[in-house]
Amino acid sequence: MAEHSPDRHTIAVTGVGALIGQGIARSLRPAGRARIVGIDRRITPFSQSFCDICLQKPEADEASEAYLDFWRNLVRTHSVDLILPGLSVDMEFFNTHRAAFDEMGVPVALNRAELIELCADKFDFYTTYRAAGFPAIPSARPESWVSAVSELGPAPLLLKPRRGEGSSGIVKLHDEVDFAYWTRRNGDNWLLQTIIGTDADEYTVGLYGLGDGTYAGPIIMRRRLTRSGHTGETEVMDHPAIAELTGRIARHFKPVGPTNLQFRVQDDIPYLLEINPRFSSSCSLRAAFGFVEAEMCIDDLLEGRRPGVPHIRRGTALRYNEDFIAHVGDTL
């Protein structure tokens, strides 16, 4: 374990047992500006390998006072300077308890509360986005398959959870039998969309919002998804139409901090799939090409300066599985 150095900031990163938290923590290592305190429900030797210290979350319910007390003690004991949430459930916790963390005197990398709330429900966001005049993917919550085809066009149509993340729960509907089964199975948590573009026409975009419509970035990557719904292959590239629409979206919604936008392109027109108002699973890939959101958080939230214009490199990336071995007696 590394000692606490006065010239380094102590950064708490949540979700270090999962892809996003690991990406945040690992992206902080090269610059050496951070002493990393990793937090998760389950601490593994792999998590310990890129954190200075790892702490296990308590079993307490995250809505309980006991869980908030865990954080009060953690911030005080480890002199935490900044918190970077690596899971959406953590983002929701910190968003709910903004006032408590203000009282502790520790900043948390959170987007605007209004944008977090709006993006929590994809259908509510679609309604707001379309009303603002942006090119929107046709979406609806029809009462029948006949109405669905009438409103959205011929099958297949896409069913998505209204509330959820990644590609979890997304299915293609081909007929009335599919519609009846999946809408019943999802209860109220669904919407239907026209399928726009192909799997080869999907893009993930990162920016760091400054709350006034300006931002650092963007970094634009064409991507292919893994079966789990995460980005598996990417190519960093220029895309003027996506860059222009990203700018319009940022000026309208005024994001704060790490923000991820996902697009599909059809007939050279980009259509927004969703906004993730937080760190996303591709943050480690963006960092590898020069767009290091965690470092921008330090610049902005701790050192009070506008993040510099990132030098973004072009290239491709491929994610793959490998073994991590920790022999008995190894020092992590």
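Bear in mind these aren't lab numbers, they're just calculated from the coordinates by the rules spelled out. Note that the structure is predicted; figures quoted are calculated from it, not measured. Cβ coordinates were reconstructed from backbone atoms using ideal geometry, including for glycine residues, and neighbour counts include every protein chain displayed.
Kindly write out, for the range 110-117 in residue order, the coupling ³J(HN,Hα) from the Karplus curve 6.51 cos²θ - 1.76 cosθ + 1.60 (θ = phi - 60°), rounded to whole Hz, with x marking Gly and Pro. With coefficients 6.51, -1.76 and 1.60, one gets 10, 6, 4, 4, 5, 6, 4, 5 Hz.
Please work out whether the range 292-332 counts as rounded, prolate or oblate from its C-alpha gyration tensor, where a ≥ b ≥ c are the square roots of the eigenvalues and a/c under 1.5 means rounded, while otherwise a/b larger than b/c means prolate and anything else oblate? Oblate shape, in that a/c is at least 1.5 and b/c is the bigger or equal ratio.
Taking 8 Å as the Cα distance limit and 6 or more residues as the minimum spacing, I'd like the relative contact order of the range 1-138 as a percentage. Walk me through the intermediate numbers first.
Values: 183 pairs, mean separation 30.3, N = 138.
About 22 percent, as a whole number.
For the range 221-298, the set of trypsin sites (Lys or Arg not before Pro) satisfying both a DSSP loop assignment and a count of at most 12 other C-beta atoms within 10 Å is given as ARG227. Summarising the amide proton neighbourhood of GLN266: residues at separation of 5 or more, or on other chains, whose placed amide H is nearer than 5 Å comprise TYR271.
Let me make sure I get this right: for the range 138-194, a, b and c are the square roots of the gyration tensor eigenvalues over alpha carbons, sorted descending. Under 1.5 in a/c it's rounded, otherwise prolate if a/b > b/c, else oblate. Which is it? Working shown, then result.
Numbers: a/c = 1.65, a/b = 1.42, b/c = 1.16.
It comes out prolate by the Cα gyration axes.
Legend: P(r) of the range 114-209 from all alpha carbon pair distances, 10 Å bins from 0, whole percents, reading 14, 46, 33, 6, 0. Around the Cα centre of the chain, unit charges on the Cβ atoms of Lys, Arg, Asp and Glu (plus for the first two, minus for the last two) sum to a dipole of about 400 debye. The charge dipole of the range 138-194, taken about the Cα centre with unit charges on the Cβ atoms of Lys, Arg (+1) and Asp, Glu (-1), comes to about 220 debye, rounded to the nearest 20. For GluC sites (Glu not before Pro), the sites in the range 1-84 that DSSP calls loop and that have at most 14 other Cβ atoms within 10 Å are GLU3, GLU59. Going 7 Å from the Cα of ASP121 toward and past its Cβ, which residues in the range 165-200 have a backbone nitrogen under 15 Å from where you end up? Within reach of a label on ASP121: 188-192. Once the chain from PHE324 to ASP69 is taken as fully extended at 0.36 nm per residue, the excess over their C-alpha distance is 88.4 nm.
Of SER280, SER147, how do they rank once you tally other Cβ atoms within 10 Å and put the fewest first?
Numbers: SER280 27, SER147 14.
Neighbour counts put them in this order, fewest first: SER147, SER280.
Taken along the Cα-to-beta-carbon direction at a fixed 7 Å, the label points for THR316 and ALA131 span 4.4 nm.
Give the residue list of GluC sites (Glu not before Pro) in the range 260-332 that are DSSP loop and have at most 14 other beta-carbon atoms within 10 angstrom. Each step should come with its number before you reach the end.
On the way: sites: GLU274, GLU293, GLU295, GLU303, GLU322; in loops: GLU303, GLU322.
Sparse-neighbourhood loop GluC sites (Glu not before Pro): GLU303, GLU322.
Computed from point charges on the beta carbon alone (+1 for Lys and Arg, -1 for Asp and Glu), the dipole magnitude for the range 9-109 about its Cα centre is near 520 Debye. Computed over the chain, the quotient of the alpha carbon radius of gyration and 2.2 N^0.38 Å is 1.03.
Let a ≥ b ≥ c be the square roots of the eigenvalues of the Cα gyration tensor of the range 200-332; is it rounded (a/c under 1.5), or, if not, prolate (a/b larger than b/c) or oblate? Kindly include the intermediate steps, with their values, before the conclusion.
On the way: a/c = 2.19, a/b = 1.24, b/c = 1.76.
Because a/c hits 1.5 or more and a/b fails to exceed b/c, the range 200-332 counts as oblate.
When the range 198-318 is described by a simple charge dipole with +1 on each Lys and Arg Cβ and -1 on each Asp and Glu Cβ, the residue from PRO255, LEU302, PRO218 located farthest towards its positive end is LEU302.
Relative contact order (percent) for the range 5-66, with alpha-carbon contacts under 8 angstrom and 6 or more residues of separation? Numbers along the way, then the final one.
Numbers: 94 pairs, mean separation 19.2, N = 62.
Answer for the range 5-66 is 31 percent.
Enclosing the Cα atoms of the range 9-109 in their convex hull gives a volume equal to 86 cubic angstrom per residue. Listed by chain and number, the lysines placed with their C-alpha closer than 20 angstrom to that of LYS122 are LYS160, LYS172, LYS254; residues fewer than eight positions away on the same chain are left out.
Across the chain, the mean sequence separation of Cα contacts (distance under 8 Å, 6 or more residues apart), normalised by length, yields a relative contact order of 16 percent.
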